[in-house]
Amino acid sequence: MLTLSKSKGTGGVVKSSPEDFIVNEITSHGHALVTGQKYAASDLDEEEITDGKFTTFVLQKRNWDTVGALIRISKLTGHGKKSIGYAGTKDRQSVSTQLASIYGVEPERLLGIRLKDVSINGAWRSNGVELGSNIGNSFSVKIHECKPQGAEDVLEELGGMAPNYFDRQRFGMRLNNFAVGMHILKGDFNAALMEFLTDTNLETNEDAISARNKLAETRAFGEALAYFPRYLKNERMAIEYMSRYDNPANALRRLPRGVLMMFIHSVQSYLFNASLEARIADGDLSSNVMCGRNAYGFPDAGAVASSGDFAMGSIPGYETKPDTLKEYEKDRIDDLGITLESFKIKSMPELSMRGSYRTLLTPVKDISHSSEGSTLMLNFSIPSGSYATIFLNEITKSDSFSVSEIPAVYEKSLRDLR
């Protein structure tokens, strides 16, 4: 994606090991957690509720994704995944520390858990942790095989701001979340289902490639369960339904709601990214939708107004006001052949999206850096919902990911369906 800074950057490799990417959550009260430190509720200005039904705990993990670690903890305590809570997900290939919660488990039970590369650095009774309740995240990152001197020019040019793009993970491992979402928005649930089940773009597992190709050719769902890899659990749920009932929309409904919503979010994310890239190319970051800043200095995205500290762009939905859209957004919505009303999905209303706003740029705070040979050590903090990888690409200029890759997968899907 088009970078905001023009300087050449450092080049280099990020995430050579989990220890090269340390993520510490900034809690709702503005405390940046510290790796390895033990906490009581009072240390973080958290309320300890003696009769609370949840236990909040400080979760530190290495090479675990947030949901995977919490599901494992829930099973060890005899609970289901619906019992867990967290403010935000953290990168798997990292050492990360964050607040999480679980229903109906005593703090002492959590503190006694023994799980490889996971530690519980404090636990107390509470009302639980809500998604999105953290202010942001603090990072300590090592960039290897780079030219550290290039960082200074980029940081000076950025002036503490970075593009607020959605990262590639928003579009799925196969980059086809957008394609599935577009089919859903246009009411073609069969195409959406087949794209999800059979697309092999960026697929690396040979068994998965073979299975997807075979189903695309035969469309024999009753036979597919015999050869579809067991680890493709979501695919197998949809296939199992289709083997009994020929109803693609309801087969999609067999998928977790979060997975289904991500398909539509991916379309919204593409529209935001493509519009922001065009704005950067034109040097036009103006907006008539703004927001202020919170006590930490990060955007207060919940307080949208006509004036403020941070310009915002649209994440389109059926309640988006047309007069808040600039030509950048309008043109890209038109290019996809959809309208704002398309996000009101009558055949699958649970996936309808009202729309919202997102800051065009994100502040990057607490920046410091040092170097040792060809390794750059970089520390910084960004708001919740922003991506460290986007800021790091401003520094390294190493990511070749292009906005145009996303609709290209959809266009291929349309050709394959003809």
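With θ set to phi - 60°, apply the Karplus curve 6.51 cos²θ - 1.76 cosθ + 1.60 along region 196-202 and write out the HN-Hα couplings as whole Hz, x wherever there is a Gly or Pro.
4, 7, 10, 5, 10, 4, 6
Within region 53-146, which trypsin sites (Lys or Arg not before Pro) sit in a loop by DSSP and count at most 13 neighbouring Cβ atoms inside 10 Å?
Answer by residue number: Lys53, Arg114, Lys116.
Please enumerate, by chain and number, the lysines with C-alpha under 19 Å from the C-alpha of Lys38, excluding those fewer than 8 residues away in the same chain.
Lys61, Lys116
Would you please give the FRET efficiency between Asp207 and Glu19, computed as 1/(1 + (r/R0)^6) with r the Cβ-Cβ distance and R0 = 30 Å, to the nearest 0.05?
Calculated transfer efficiency: 0.40.
Taking H placed 1.01 Å from N in the peptide plane, check which residues at least 5 places from Gly136 or on another chain put their amide H under 5 Å from its amide H.
Sorted by chain and number, the residues that satisfy this are Ile26, Ser384.
What list of ³J(HN,Hα) values in whole Hz, one per residue of region 170-181 in order, does the Karplus curve 6.51 cos²θ - 1.76 cosθ + 1.60 (θ = phi - 60°) give from phi, with Gly and Pro shown as x?
Those phi angles translate into 4, 9, x, 4, 9, 6, 10, 4, 4, 4, 4, x Hz.
By how many nm would the segment from Lys344 to Asn294 grow when fully extended, if each residue of separation counts as 0.36 nm and the alpha-carbon distance is taken off?
Stretched out fully, the Lys344 to Asn294 stretch lengthens by 14.8 nm.
Mind ranking 237-243, 130-136 by how tightly packed they are, going by the mean number of other C-beta atoms within 10 angstrom, highest first?
Top to bottom by mean Cβ count within 10 Å: 237-243, 130-136.
Using Cα positions and a limit of under 16 Å, work out the aspartates and glutamates in reach of Lys81, with same-chain residues fewer than 8 apart set aside.
Excluding near neighbours in sequence, the set is Asp65, Glu130.
Based solely on its DSSP helices, what 222 nm [θ] is calculated for the chain when runs of n ≥ 4 H residues each add -39,500 (n - 2.57) and the sum is averaged over all residues, nearest 500 deg cm²/dmol?
The per-residue figure over the chain is -9500 deg cm²/dmol.
Per residue of region 80-86, what does 6.51 cos²θ - 1.76 cosθ + 1.60 with θ = phi - 60° give for ³J(HN,Hα)? Whole Hz please, x for Gly and Pro, Karplus curve as stated.
Once θ is set to phi - 60°, the couplings for region 80-86 become x, 5, 6, 7, 9, x, 7 Hz.
For Thr10, what residues show an amide H to amide H distance below 5 Å, using hydrogens built from the backbone and excluding near sequence neighbours?
Thr396, Lys397
Pull up the cross-link candidates among the lysines for Lys346, meaning alpha carbon to alpha carbon under 19 Å and not fewer than 8 places away within one chain.
Excluding near neighbours in sequence, the set is Lys186.
In this model, which of Lys142/Lys365; Lys365/Lys397; Lys233/Lys365; Lys90/Lys412 are farther than 29 Å apart at the alpha-carbon?
Listed pairs above 29 Å: Lys233/Lys365; Lys90/Lys412.
Taking 45 Å as R0, compute the FRET efficiency from the Cβ-Cβ separation of Lys116 and Ser243 and round it to 0.05.
Given R0 = 45 Å and the Cβ-Cβ separation, E is 0.75.
Please list, in order, the residues from region 248-276 whose amide nitrogen is less than 16 Å from a point placed 7 Å along the Cα→Cβ vector of Leu414.
Residues 267, 271 fall inside that zone.
Each value in this text was obtained by applying a stated rule to the coordinates, not by laboratory testing. These numbers were taken from a predicted model, which means no experiment stands behind them. We place every Cβ from the backbone using ideal geometry, glycine too, and count neighbours over all the protein chains shown.
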